[in-house]
Structure formats: C-alpha cells, structure tokens
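Here's the structure, in structure tokens; my notes come after.
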Amino acid sequence: KDYLQKGLPLSGKKVLITAGPTYEAIDPVRFIGNHASGQMGYELAKVAANLGAQVTLVSGPSHFSVSHDLIDLRKVTSAEEMYNEVHSHYKHIDIAICAAAVADYRPKTVADQKIKKKEAEFSIELVKTKDILLSLGDQKENQFLVGFALETENELENAKIKLKKKNLDAIVLNSLNDKGAGFGKPTNKITFIDKNSSIKPFELKTKAEVAKDIFDEILNRYHA
Ligand code: CTP
Ligand code: CA
C-alpha cells in the first residue's frame, strides 16, 4: 500500500476534515437539515490519506462511507456535536479543511414529544449555531486552515470577505452557477483563493478530481 510508505508529502501530518450536512432536531422525529451529500469531504479525506496523512473525518449524516487505515471517521449529527468533536482534535492538527454544510440555525428548544398538528400556522424559533470554522480561525496556532464558500451573488467578493473574517489560509469557492455543479451532483466547479488574494479558477470536474486539485494548491502553500 503506497500510503504506508514514508516520504509521502503528508507522511506524519494530521489532517482534519468536516463533511456533510448537520441535522438540528425539532422534536424526536423531525429536524432541520440541507441537501449536502458529504461527498466532497469524503473525497478530500481519501486524497489526504493517500498522500500519507493521518486523517480525522468529522461527518454529519451522509450515505457515503470510507474504509482506509489512515482515516478515522467520526460521525456526528448536529452542529453542536460537530463543534465539540472538531475541537477535541484541533490542537494537534496540521491542516484543517471545513467542507461541511453546517446549519446556520437550530430550533431554540427541542420538543421532547412529537409535535402535534394544531392551528393553520405554526412557527419555530431559531437561534444561531456556533460557527465552527470561525472558532478554528480564532484559535489558530500553526494550523493551515481552509474553508469553503457557497455564494449565489458577488461570489469572489463574498468569498474573500469570509476568508478574512474567519482568519483562513485559503478558501474554496464552490460555484453553483454552472450546470452540474454543487449539491447532490458528482461534480464541482471551484475557485481556490488564498490569503494573498491569489485566485485560481478550475474547470468543472468530478469531486475526486477537485479534491486532488485542492491538495495540490494546499501543498504548494503549506510548509511545516
Ligand atoms: N461553517 C462552519 N460552521 C458554521 C457555518 C459555516 O464551520 N456554523 C463553515 C463551512 O463549513 C464553510 C464556511 O464556514 O467552510 C463557509 O460556510 P458558508 O455557509 O458559505 O458561510 P457562512 O459563514 O455560514 O455565511 P452565510 O451562510 O451567511 O453565507
Ligand atoms: Ca452558512
């Protein structure tokens, strides 16, 4: 097995990746979630492991799975659980990539019984979840920190604002504009932006190929 040999670009390095959606419970049988499949994060984990890294993959609910000697898959459900799991590893991490589509809001309270239908209108009070990536940027020591951005307008401008606000080393802009890119699709169209504002657009590719491109860019910039 190639990845067991020493001297690979990420041998001895620890990589942390978040993947998938999060589910925020409303009651025992319902939740707020999104259509993220988790595939991008799983592909990133495989590329990192094949480059020799010890990978911790923190994943929200996803039908993808992975079995690799160098990948430790940690399954979580909510944003809160993802936050706690990520922070239990972060101190010892060399490269962290947040590819998860974390819910921005969760129900303020979780009903302990299934909510019965009553009036014609019904609303749920929501409160913000913790921004995991923002907290990683705040607590950054020597980690190389990469985020994702999904924008529907002013893509580059908004991605650059996120990169700065979250104290990232780079951000991967995910474009939904092109046919075939994004949620539930096997392809992505990305632009890699680093903290020096170097901007590199890529063609529409499979998520496995996109994951390789992302690690090429990281390896060009990450110096232990
Ligand atoms: N992210 C996170 N925790 C959250 C929200 C987002 O770690 N609670 C991370 C995502 O994994 C992604 C990056 O932050 O790497 C950007 O996510 P995105 O949804 O594009 O941006 P937000 O900062 O949530 O802002 P908005 O949704 O308003 O555009
Ligand atoms: Ca968001």
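The values are calculated or read from the model by the stated rules, or taken from the named source; none is laboratory data. What you are looking at is a predicted structure, and each value in this text was computed from that prediction instead of being measured. Reconstructed Cβ throughout: ideal geometry from the backbone, glycine too, with neighbour counts over all protein chains shown.
In the set (1) farther than 22 Å from residue 144 by Cβ; (2) not in a strand (DSSP E or B), the condition left unmet by residue 106 is number (2). Restricting the first member to segment 137-160 and to residues that are part of a strand (DSSP E or B), and the second to residues that are of a type in the set (Ser, Thr, Tyr) and more than 12 Å from ligand 2 (Cβ to nearest atom), the beta-carbon pairs closer than 9 Å and six or more apart or on different chains are 144/222; 150/175; 151/175. Scanning segment 13-35 for residues that are modelled with pLDDT of 95 or more and part of a loop (DSSP other than H, G, I, E, B) yields 13, 20, 22, 23, 28, 29, 33, 34. Applying the condition of being surrounded by 14 or more Cβ atoms within 10 Å (Cβ to Cβ) and either among the aromatic types (Phe, Trp, Tyr) or more than 11 Å from ligand 2 (Cβ to nearest atom) (or both) to segment 99-116 and asking which residue is farthest from the chain's Cα centre (by Cα) yields 111. Selection over segment 14-46 of residues that are of a type outside the set (Gly, Ala, Ser) and either within 19 Å of residue 85 (Cα to Cα) or crowded, with 23+ Cβ neighbours inside 10 Å (or both) gives a count of 14.
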